[in-house]
1. In nm, what is the difference between 0.36 nm times the number of residues separating residue 537 and residue 132 and their Cα-Cα distance?
2. I want to check the label-to-label distance for residue 457 and residue 556. Put each point 7 Å from Cα in the C-beta direction and report it in nm to one decimal.
3. Given the whole protein assembly as supplied and a 1.4 Å probe, what does the accessible area of residue 302 come to in Å², nearest 10?
4. Give the accessible area for residue 570 in Å² (nearest 10); use a 1.4 Å probe, count only protein heavy atoms, and leave out ligands, DNA and RNA.
5. When DSSP beta bridges are limited to those with both residues in the chain, what percentage is antiparallel, rounded to the nearest 5?
6. Taking R0 as 60 Å, what FRET efficiency do you get between residue 666 and residue 243 from their Cβ-Cβ distance, rounded to the nearest 0.05?
7. Post the alpha-carbon centroid distance, the range 35-111 to the range 623-643, in whole angstrom.
8. Please grab the % of Cα pairs in the chain that end up more than 47 Å from each other.
Amino acid sequence: MTIDIALIGNPGCGLTTLFNQMTGGAVHAGHFSTPENKTKEGPVKGHKDVNLIELPGTYSLSAYSIDDVATREILLQGKPDVIVNVIDAASFERSLYLTLQLMELELPMVLALNMMDEMENNKIDIDLQRLSQQLTIPVIPISAIRNRGTHDLIHYALEAAKEHHVPQKIDFCSGHVHTAIHTVSHLIAADAEKAQLPLRFCCTKIVEGDAPTLKALQLGDPELDIIDHLIEDMQNHLGTDREAAMADMRYAFIEKLCQKVLSRPVQSTKEHARSVRMDRVLTHRIFAIPIFLCIMLLVFYFTFGSLGTWLSDWLSAGIDKCVGVISYGLLSAGVNPAFHSLVIDGICAGVGSVLSFLPIIAVLFFFLSILEDSGYMPRVAFVMDKLLRKMGLSGRSIVPMLIGFGCSVPAIMATRSLPSKRDRSLTMALIPFMSCSAKLPIYAMFTAAFFTDHKALVMIGLYVTGIIVAIVCALSFKGTIFQGDPVPFVLVLPPYRIPAMKSVALRMWENVKGFIKKAFTVIFIATIVIWFLQSFDTGFNMVESSDTSILADIGKAAAPIFAPLGFGDWRAATALITGMSAKEAVVSTLAVLTGASEGANLTAMLTQVFTPLSAFAFLVFCLLYMPCVATLATIRREMGGWRYAIGVVCFQCAVAWIVSFIIFRVGGLFL
């Protein structure tokens, strides 16, 4: 039988790093995934019959967001064999709040104290044995970033699962909260057993006023009336509301526990002091955003400058040699000219042109992973919170929008963490304006052809343009379509850390792997279709010139729409149409239509279709117009229908046309 281990903890506690260490980065679509929550699952190294599930980072099991609800569903209905609660030892007190709630689930459980090396460096001591005795669960010290203690953690987790070692102590209450919880337990015991839910968990959630729990138990009016009187009495005695009363009760227990097991030096720890010094600069109210822009400019300089370009040219040269060998082999075999054209001018030109930009993707995600693992990205969210709230967005929206710079699909899914439907809908409408990695090959191709001396400036200009357009749209929506106030935002800033290269490499590989997969699936099929439409006319006769092909007829019909923007050539229009399937298809389409099979020839051929000004207008249109089909499907699934997705398409295409028109016309006055 397979043993399921669920990893859960606060955001930033090292869940993903630990998951990668325990699985070696192996991920598969698991049976714990639901439409509401796509979990990351994989087999534990050396234990093929042990399945590891990484649940979304959360601070509480209260139903504040879609992610919280989905995580609860997995824990309550899926019932993993053992829970591994990962907590950041540097944030010991805060992390224990979730621990106490998890213990109420009455499932086998192990506590993993992560980042213990930082505790040792700061001379902070935790009495692990006494902590284990107080919580009645195994406590294992680990350092996920250095892969220390993971073998012990696996051992104790498997032992807890096989022996069904559940927490023996789950009663942490006192005073009036204690009276309320225990009275409720007598009222709902039979209902909780019937619903197959842990009694203690149900009691605390009912006292908190948790709607999903009340719905699951289906209590009658007499029980609900008694509970209402109990809660009212508790609130009157404590002078606070029910949720605050429960939080105070848990933190009172945590405070007493920490006095018994935790000892700190009187002075501030080295890690905390270092983070404070750095935050004085990096989160400065005036300089924070300029510093962020400068950091991104440096990232783009190395990505699209010497390092990324050198690697891309090296790979492009290798692809050219492979294409030459394939072409020679086909000609030597005497294959049909049409088949030779399909393989060389279609598949190799299209897929090869996209793959040649693979090093640029890898370098960019390498730097972004370093920024994420170092603890800087949460600071960006903190700095942008005030600005976002003026736009009518919740500060929570910054996280999905930052993810959108990588890929819009997980960014749209990340909006589940937003508790308000208004905030979710508005954030989804703005995410596609963020410049995702699929657009990078387009940027790289055009900057190499037209903006060789200003690659980094053009790149950051495109990213800033997307952000500015999103801000303008958010401001216009604030008082019209999406009226109302955003939900308050709470964010815990982790200490700055030196990123683990293994974690950075695995994160980079996940993005590169997705790019390669898309190149050999969506782009592969798209290039074959494009080649066919470009090689045959409406009578299915092979044409000598692509100007008389089926694709030319389609492109020429759409070209007048883009003529006012400066790129009325049918090949540009056709590339935008195929780019609806996947943005990388823009590159492969232009490669096929211009007859280029390598990067150097392609950039030369582009000058026949675009001028520098129209090329920049084209880049802006690619940045802003409708997202790819996969993103639209995700929006439809998240919003429950195509109506909102189609609205996003129409809105973004209109915005892209208007902004590109303004850039081309205003730019024409000066150039």
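1. Full extension of this stretch gives 138.2 nm more.
2. Spacing of the two 7 Å Cα→Cβ label points: 4.0 nm.
3. 90
4. For residue 570, the solvent-accessible surface is approximately 20 Å².
5. 35
6. On the way: r = 53 Å, r/R0 = 0.89.
According to the calculation, E is roughly 0.65.
7. Their Cα centres are 30 Å away from one another.
8. Tail fraction, whole percent: 26.
The values are calculated or read from the model by the stated rules, or taken from the named source; none is laboratory data. Given the structure is predicted, the values throughout are model-derived calculations rather than measurements. Positions of Cβ are backbone-derived with ideal geometry, glycine not excepted, and every protein chain shown enters the neighbour counts. Accessible surface is based on the protein model in full, side chains and every heavy atom, while ligands, DNA and RNA are left aside. Shrake-Rupley method; radii C 1.70, N 1.55, O 1.52, S 1.80 Å.
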